[in-house]
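Trainee: I'd like to ask some things about the structure below.
The values are calculated or read from the model by the stated rules, or taken from the named source; none is laboratory data. All figures in this text were calculated on a predicted structure; none of them were measured in a lab. A quick note on method: Cβ atoms are made from the backbone with ideal geometry, for glycine too, and the neighbour counts reach across all protein chains shown. Side chains are part of the model used for accessible areas, which takes the heavy atoms of the whole protein and leaves out ligands, DNA and RNA. Shrake-Rupley method; radii C 1.70, N 1.55, O 1.52, S 1.80 Å.
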Amino acid sequence: MGRPVAVAVDVPRLELDRAFTYLAPDGVGMGQLVSVPFHRRTMKGWVLGETDDVPPRILPVRRVLSRVPLFDERLLDLYRWMAERYVAPLATVIDRAHPPRVAGEEEGWAPGEPPSVVDRTAPGGVLGAYEGGDALVGSCRDGNGAFVLRPLPDDEAAACVEAVAACLAGGRDAIVIVPEAEPLPHTARAVAEAFPESALLFVGGDPRQRYRAWLDVLARRYRVVVGTRPAVFAPVRRLGLVWANREAHPGHREERAPHHHVRDVALARARLEAATCVLAAHGPSAEALAEWEAGRAIVVRVPRAREREAAPLVEVVRPAEEDRSPRLARALKAAGGAFLLVSRRGYGVARVCRACGEPARCPACRGPVVVRRGEPRCAVCGTEAACQSCGGRRFGMERGGTERLQEWAARSTSLPVDRVDEGDQAVAPGRGRVVVGTAAGVKDFGPRRVDLVGVLDPDRAGRRAGLHAAEQALATWMEAAVWAGPRTGGGRVLVQTRDPGDPAIQALVRWDPWHFHRAERQRRGEAGFPPGHPVFRVLGQEGLPGALEAFDPVTLLVSRPEDETVCLVALRPEQVPPFRRRVLELIDEGVIRRVEAEPQL
């Protein structure tokens, strides 16, 4: 006859975020995908397990769509944590946690035994020289905890391989998460090559390939999963390590609901499964250091004297016109290889119409107008730009950007000059070439050496809108700066700034991100958004601010565009569970219309 089961129905609405009871055929269990009747429609849903909550009238499951259980109790606990932390429907979380189903790939699927792994742990690995390194390796083998690792410039991949080897030696599985797929980061390639029989590269591919890879992990055909954001949910059976590579990178944040960040999910999953989480970065995020300050993580780094020896030599000069300086010209002319980092693409920013003198604005969205490949276009929506007053297409410009810099660099050096505007165009820097690029060109290429790394407009990059702008700019500068090599190697980093005392600039000069974060913690605290505090944007009716004030939030900012009330609220971590419960009540009362977690501030 069947048995009652709880089902998360795929309806992405918070007011309907609860399990519904259906009668399922015998043999249907947790994690399976089914179709069920729901308000005169047929909807897909995921079985959460058997339930004693049986209503007087219970409808049967219409069809079992998949016999493959896509999650178990451990992953369900993680999904429930995410639904609470990001105030999102559980069904939305589950749907985002695995690739879209391709039914044909499930034929012949069956769980198997994990592959044997060659013990590649070796005494005297790179982490042995780090303060806290032995504790990290031991935790990967048979312990649990959280670590913030700041690797030396050339230790990034080797440290990850060592940690994964220790994890496998302890009979546990590992997940390594990198921020991007193209080009494949050196750390991801190093792990895949170190464990060729047991490591899966979960990056890119069409839906069929991605779903097949997911099923292979479910079947225990791999012990190590290396991939981008979705890999944090990889269904490994005995998790021992989650390694987040370059954890401050913006690529680790999901742009779709529930807008999770890999760092937070990795920490939560490691805690729920008694595993180890490592947040690795040359320039750690404020949130990672907040974990350390709260006593929930251990910082792992080499002694300061050795860190300084391995750090690049950073020189600060004042820029002249167009983000250039005489010192930059001389250094570029003498360099046998260089990377020049600028924050803007294109040839420049249009300021005024040359015909009528009106300010340059996009006619569609009133965004700024930039000139790229000789064409004026809106920097926001991409619309071809013309003057709103006279229709003219000739503008007075503030010159500066990758195209303009490439043009100037080609006149200043005899080396070929490449330009990188998009991440998938990234070119590895090296001797015999000059690369001009934005932050999209700063990738994990592994150990590289050039004579010159130029950071041309750090003042503009650090002043961009957003709480995390300066932090992400510093992380990018540090990742690029390592290409100059240690200070005794002859390479140098040239930083052009009018504000050499800025904490981010000084952190780069000293090769000490803690210098920056001491000032950043104070700045963000004064702004009302201290690191480690969840932030939500809530849209609703007039009574919304009063309802939210009852939580005694850290910060509550209110605006009233048109007929809607928008609240930006920062909470202490322990306030999130009751906040979510209250949000559900206020949705039922019609006070709240929408909630967005961690908006781009």
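Trainee: Using amide H atoms built in the peptide plane, which far-off residues or other-chain residues are under 5 Å from LEU59 H to H?
Mentor: LEU23
Trainee: Restricting to Cα atoms and excluding each atom paired with itself, what does the Kirkwood estimate give for region 443-601 in Å?
Mentor: 18.4 Å
Trainee: Keeping the other protein chains in place, figure out the carbon and sulfur percent of the accessible area of region 167-231, with a 1.4 Å probe.
Mentor: 46 percent
Trainee: Place +1 on the Cβ of every Lys and Arg and -1 on the Cβ of every Asp and Glu in the chain, take the dipole about the Cα centre, and give the residue among PRO99, VAL224, ALA190 whose Cα lies farthest towards its positive end.
Mentor: ALA190
Trainee: Now for a separate question. Before I look further, what does the chain give for accessible area per residue, probe 1.4 Å, in whole square angstrom?
Mentor: 42 Å²
Trainee: Taking amide H positions as placed 1.01 Å from N in the peptide plane, with prolines and chain starts having none, which residues 5 or more places from ARG492, or on another chain, fall under 5 Å of its amide H?
Mentor: Counting only residues 5 or more places away or on other chains, the set is LEU452, VAL453.
Trainee: Identify which of the listed values of Cα extents along the principal axes in Å was calculated from the structure shown: (i) 108, 70, 55; (ii) 83, 67, 47; (iii) 68, 58, 51.
Mentor: (ii)
Trainee: Using +1 at the C-beta of Lys and Arg and -1 at the C-beta of Asp and Glu, which of PRO429, LEU152, PRO573 has the Cα lying farthest in the positive direction of the dipole of the chain?
Mentor: PRO429
Trainee: Would you mind working out the magnitude of the charge dipole of the chain relative to its Cα centre, with +1 at each Lys and Arg C-beta and -1 at each Asp and Glu C-beta, to the nearest 20 Debye?
Mentor: Numbers: 84 positive and 78 negative charges, 305 e Å.
Taking the Cα centre of the chain as origin, the dipole is about 1460 debye.
Trainee: Let me ask something else about it. Ignoring ligands, DNA and RNA, what percent of the 1.4 Å accessible area of region 399-472 is carbon and sulfur?
Mentor: After summing per-atom areas, the C and S share lands at 43 percent.
Trainee: Got a sec to turn the phi values of region 230-247 into Karplus ³J(HN,Hα) couplings, 6.51 cos²θ - 1.76 cosθ + 1.60 with θ = phi - 60°, whole Hz, x for Gly and Pro?
Mentor: Listing the rounded values in order: x, 5, 4, 9, 3, x, 5, 7, 10, 5, x, 8, 10, 10, 9, 7, 6, 5 Hz.
Trainee: Where both residues lie in the chain, what percent of DSSP beta bridges are antiparallel, nearest 5?
Mentor: Here the share of antiparallel DSSP bridges comes out near 50 percent.
Trainee: Of the peptides 208-219, 79-90, how do they stack up when ordered by the mean number of other Cβ atoms within 10 Å, highest first?
Mentor: For the peptides 208-219, 79-90, the packing ranking is 79-90, 208-219.
Trainee: Continuing with this model, one more query. Of the heavy-atom accessible surface of region 17-87 (probe 1.4 angstrom), what whole percent is carbon and sulfur?
Mentor: 48 percent
Trainee: Explain nothing, just compute: Karplus ³J(HN,Hα) = 6.51 cos²θ - 1.76 cosθ + 1.60, θ = phi - 60°, for every residue of region 504-514 in order, whole Hz, x for Gly and Pro.
Mentor: 5, 5, 5, 5, 5, 4, 7, 6, 9, x, 5
Trainee: Place the peptides 571-579, 253-261, 132-140 in order of packing, highest mean first, counting for every residue the other Cβ atoms within 10 Å and averaging per peptide.
Mentor: 132-140, 253-261, 571-579
Trainee: Output ³J(HN,Hα) for region 271-281: one whole-Hz value per residue in order, computed from phi by the Karplus curve 6.51 cos²θ - 1.76 cosθ + 1.60 with θ = phi - 60°, and x for Gly and Pro.
Mentor: 5, 5, 10, 6, 10, 10, 10, 10, 9, 10, 5
Trainee: What net charge is computed for the residues neighbouring ALA473, neighbours being all others with C-beta under 12 Å from the C-beta of ALA473, Lys and Arg scored +1, Asp and Glu -1? Please report the intermediate quantities before stating the final value.
Mentor: Details: positive: ARG460, ARG463, ARG464; negative: ASP457, ASP459, GLU471, GLU479, ASP502, GLU520.
Residues near ALA473 contribute -3 overall.
Trainee: Under the rule of at least 5 residues apart or a separate chain, name every residue whose amide H is placed under 5 Å from the amide H of VAL300.
Mentor: VAL148, LEU149, ARG150
Trainee: Which order do the peptides 95-105, 141-151, 433-443 take when ranked by the mean count of other beta-carbon atoms within 10 Å per residue, highest first?
Mentor: Order by mean packing, descending: 433-443, 141-151, 95-105.
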